[in-house]
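The values are calculated or read from the model by the stated rules, or taken from the named source; none is laboratory data. None of these values were measured; they are calculated from a predicted model. Glycine gets a Cβ as well: all are built from the backbone with ideal geometry, and neighbour counts include every protein chain shown. Areas reflect the complete protein model, heavy atoms only, side chains present, ligands, DNA and RNA absent. Shrake-Rupley method; radii C 1.70, N 1.55, O 1.52, S 1.80 Å.
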Amino acid sequence: MAEPIVGRGADSGPAERGEPSGEEWPGGDGAQRHAWDLGIWWDVYFTGTMAAMVVLALATDSSGGRWLPAALTAGVIVVYYVFGKRMLLLDGSDWDLPRSLVLTALLLLCVLPAVILNPNLTFMLIAVAPLCFMTCGSGVAVPTVAAVLLLPTLLRGITGAEDWDRVLVTSLVHGAIIGYALWFGRWFELIVEQSYERAELIRSLRESRSEAARLSEESGAMAERERLAREMHDTLAQGFTSIVALAQAVESEMDSDPATARRHLVLMRETAAENLAEARAMVAARRPVPLDGEDLEAVLARITARLGGELAITARARAEGIPVPLSNDLKICLLRTAQEALSNIRRHAGARNVEVLLAYGDTCVELTVSDDGRGFVLGEVSVGDGLANMGHRAESVGGTLDVEGVPGAGTTVRMALPLGEGSVPHRGRPSPATHGFDEEHTR
């Protein structure tokens, strides 16, 4: 469909200017619609108006008779449906100046003789002028309208059909009409151009909004996957590791030490039951099962005692300070850190003594897990998901994680979390997460 631009033939089409074509015009109801798309009502208006002009030509006498002006007026209808309507259906990228000149030439060949023969037919401009503006723009439409208004009047003055005084007055009136048409046409075209710009902005906004929604969904899905991965690593994976270790112990103890083997089987059953409950809790999006119905101190004491029972070592948990209510996020962070630290001790430390300390202070709560096992130097080993997850959890609640290891003298994991707003500064070694360790897990 045509786009109304001043001097449009000399201008580039909307596609070249980055404007949406007629087929991309968004209507108020979300449908795609061009500014000039008036539907069947424009055809009804144009055809009805020109049919009335044909009747007017037949009903009034003129110097050329009745049938010739009527035939010329009917020719305008033919030009519209054969050529003009096709131009209304073209978008701006297919429209050019030669087509507009051809259309206006065909219209003038019909309109000018008809108006010259019967001045009453000047009224057909109420249909022809809008067609010219919608298909050719004011740069071509205004001269066309001026030719229809001025040339017949001047010709009547030259031939003596009218007095020059009347010709002058009529020309002045027509000149005012032409000036108004030029101003109004250009003003209307500017509105349509701005509408195209707004349509492009709306289209870009919709695309940006769709892209933002897509990225938000992807980011949310990635964050959820990372959260589930940490939860599974800190719960299910550790429980399975414990079950495997206990199963290996049972195999070696079945004949030589049945009592210990039975005790280990009980631990395997308890660990499997807790893993099953954890899995169901994650599926149901509930809070971690170990905190259901128990306080944090009791849970830490239970998982520490289980480690001591599995490894037949001394393992104890204790609390210091005045306990204060902790948010569920802080409880989960402390619990998961303790579980991961104890899992590392089970798999790597070879320790004989383990201590878990939960200390309440005025501004922070601190968890310390220490052992007297092999120890390690943080910079000399690869740090995998376990310590990295601890660091991420601490950072997520504004806390810090410090890991200290001495070869042959054990390892200490210390997490400090703020009780209020703000964060806790590092006191020892920086958190492994802040160093970006992502290699294969070794501790």
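Charge dipole of the stretch 176-277 (Cα centre as origin; +1 on each Lys and Arg Cβ, -1 on each Asp and Glu Cβ, all else neutral): 480 debye, rounded to the nearest 20. Of the residues PRO98, THR159, LEU182, the one whose Cα sits farthest toward the positive end of the charge dipole of the stretch 78-188, with +1 on the Cβ of Lys and Arg and -1 on the Cβ of Asp and Glu, is PRO98. Charged neighbours of ARG214, selected by a Cβ distance under 15 Å, balance to -2 (K, R count +1; D, E count -1).
Per-residue Karplus couplings for the stretch 208-222, computed as 6.51 cos²θ - 1.76 cosθ + 1.60 with θ equal to phi - 60°, are listed in order as 5, 5, 5, 5, 5, 5, 5, 5, 5, 5, 5, 5, x, 5, 5 Hz, Gly and Pro entered as x. Dipole size of the stretch 47-192 about its Cα centre, with +1 on Lys/Arg Cβ and -1 on Asp/Glu Cβ: approximately 180 debye, rounded to the nearest 20. Charge tally around GLU251: other residues with Cβ under 15 Å, Lys/Arg +1 each, Asp/Glu -1 each, net -2. Within the full protein context, the accessible area of TRP187 is estimated at about 120 Å² for a probe radius of 1.4 Å. Remark: the Cα gyration tensor places the stretch 105-199 in the prolate category, a/c being 1.5 or greater and a/b exceeding b/c. Relative to the Cα centre, the charge distribution of the stretch 122-207, modelled as +1 at Lys and Arg Cβ and -1 at Asp and Glu Cβ, gives a dipole magnitude of about 100 debye. Surface calculation, 1.4 Å probe, protein heavy atoms: HIS264 sits at approximately 10 Å² accessible. For ALA317, the residues whose amide H sits under 5 Å from its own are VAL356, ignoring neighbours fewer than 5 places away on the same chain, with H placed 1.01 Å from N.
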